[in-house]
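Since the structure comes first, as structure tokens, the remarks are kept for the end.
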Amino acid sequence: MMNRKRFLQLSALTGIATTFVNKATSQANNKVSGPVVISTWDAGLRANKGAWEVLGNGGNVLDAVEKGVMVTENEINCCVGLGANPDRDGFVTLDACIMDHKFNCGSVAFLERIKHPISVARKVMEKTPHVMLVGDGAQQFAVSEGFTLEPQELSPDAKKSYEKWLQNSKYEPQINRENIENKGHGPFAPAQIDGEWNHDTIGMVALDAHGHLGGSCTTSGMGFKMRGRLGDSPIIGAGLYVDGEVGACTATGQGEDVIRVAGSHSVVEMMRQGFGPELACQKVIERIVKIKGDDVKKIQVAFLAINKNGVVGAFAIHKGFSYAIKTNTTEELIAAKSWFS
Ligand code: SD4
């Protein structure tokens with residue numbers, strides 16, 4: 001359980017009185033009236049605030065999910081954006097995608113030296129006939145759209161982690177989690193466990209006051225990944241999917257295992273079949289558990305979903321996945337249910 005000091009720290013961090021619950025709350029199963037935004041991990045509390053500046057004023061969901069995750073991309077000592085961990089060659093490469101309720105979508109991957117990949121993804125969606133641009137081409141497009149080419153340098157935290165990693169150069173994906181019950185982990189040591197980045201993505205899905213769904217996902221990908229490696233986050237249907245008639249889902253964790261099951265799309269299809277968001281997430285996690293056999297002990301995947309009525313839910317393989325929710329009446333960090341307890 002969280003002690004009083006940690007509660008106050010969180011309240012200070014988020015700027016308003018924030019309640020914390022240990023297990024998915026009743027929110028998860030109840031229709032929420034008005035706009036709602038949910039996003040992955042503790043960084044989601046701050047990102048939701050950014051989204052709320054738009055949603056709370058009756059704004060458009062696409063603007064909200066872009067503005068929301070830009071907050072995290074801006075956090076230099078966080079897990080996403082140019083301040084995050086590099087690939088194994090020492091370069092930060094970024095992936096992001098965005099989608100609205102009418103199947104409009106845009107994505108960038110393997111993008112370097114651009115601060116806001118989510119905004120480039122939106123430009124790909126709005127200004128090109130394409131869905132996805134990668135690498136140098138994505139960077140050229142970004143520059144042509146007026147984005148600044150930032151210096152290619154690591155943040156102090158990322159530099160430290162990379163130097164430590166270089167001592168062994170062992171490529172071993174880690175289970176993403178925030179152990180909210182253990183000292184030194186969780187919301188009060190954002191994104192870092194024992195000095196290492198432990199998660200590197202923010203996924204956000206939202207419903208606006210007009211009843212429209214939208215979503216965004218942005219990441220530096222797995223820390224110290226092979227150069228050129230892409231995970232699920234920029235892939236429409238894997239890291240993010242939105243169907244305005246049904247619901248929206250985003251994913252975090254081991255991207256390869258999200259891609260394998262077209263994760264976010266599969267969750268939305270489960271909702272189409274009538275499952276509530278939490279159960280839909282659970283069904284797809286169960287599929288991954290079955291596919292992976294014993295190896296499932298070594299990986300984390302979590303899904304976070306909302307349906308068109310504003311009901312939200314999440315499910316993870318391992319405990320330690322938390323998500324942030326904001327509505328007219330609530331601002332919370334919720335520990336999702338998981339396959340392993
Ligand atoms: C990836 N899904 O690149 C991302 C990593 C992640 O928290 O979610 N980390 O595979």
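The values are calculated or read from the model by the stated rules, or taken from the named source; none is laboratory data. Not measured: the values here are computed from a predicted model. Cβ coordinates were reconstructed from backbone atoms using ideal geometry, including for glycine residues, and neighbour counts include every protein chain displayed. The accessibility values were calculated without ligands, DNA or RNA, using every heavy atom of the protein model including side chains. Shrake-Rupley method; radii C 1.70, N 1.55, O 1.52, S 1.80 Å.
Over segment 29-340, with the other protein chains present, what is the accessible area per residue in square angstrom, probe 1.4 angstrom?
I get 38 Å² per residue for this part.
Run the quick spin-label model on Glu126 and Glu245: label points 7 Å from Cα toward the beta carbon, then report their separation in nm to one decimal.
Spacing of the two 7 Å Cα→Cβ label points: 2.7 nm.
Considering only Cα-Cα distances, which of the following residue pairs are longer than 30 Å: Lys49/Lys292; Lys225/Lys292; Lys127/Lys292; Lys127/Lys160?
Details: Lys49/Lys292 36 Å; Lys225/Lys292 21 Å; Lys127/Lys292 40 Å; Lys127/Lys160 38 Å.
In this structure, Lys49/Lys292; Lys127/Lys292; Lys127/Lys160 lie more than 30 Å apart at Cα.
May I ask you to derive the relative contact order of segment 211-341, considering only C-alpha pairs under 8 Å and at least 6 residues apart, and to give it as an integer percent?
Relative contact order for segment 211-341 comes out at 20 percent.
Roll a 1.4 angstrom probe over the protein heavy atoms and tell me the percent of accessible area of segment 29-340 that is carbon or sulfur.
48
With all pairs of different alpha carbon atoms counted, what Kirkwood hydrodynamic radius in Å does segment 29-340 show?
The Cα-based Kirkwood calculation yields 18.6 Å.
Working from the pairwise distances between different alpha carbons, so that the mean of 1/r is found and then inverted, what is segment 195-333's Kirkwood radius in Å?
Working: mean 1/r = 0.0668 Å⁻¹.
Kirkwood hydrodynamic radius for segment 195-333: 15.0 Å.
Pick out, from Leu166, Pro86, Ile291, the residue whose Cα sits farthest towards the positive end of the charge dipole of segment 29-340, with +1 on the Cβ of Lys and Arg and -1 on the Cβ of Asp and Glu.
Ile291
Collect residues whose amide H, placed 1.01 Å from N in the peptide plane, falls under 5 Å from the amide H of Trp339; neighbours closer than 5 in sequence don't count.
Ala316, Ile317, His318
Output wanted: per-residue J couplings in Hz (rounded whole) for segment 306-318, from phi through Karplus 6.51 cos²θ - 1.76 cosθ + 1.60, θ = phi - 60°, x for Gly and Pro.
9, 9, 5, 8, x, 7, 10, x, 8, 7, 10, 6, 10
What is segment 29-340's relative contact order, in percent, from Cα pairs under 8 angstrom and six or more apart in sequence? Intermediate values should be presented prior to the final figure.
On the way: 861 pairs, mean separation 72.3, N = 312.
Relative contact order here is 23 percent.
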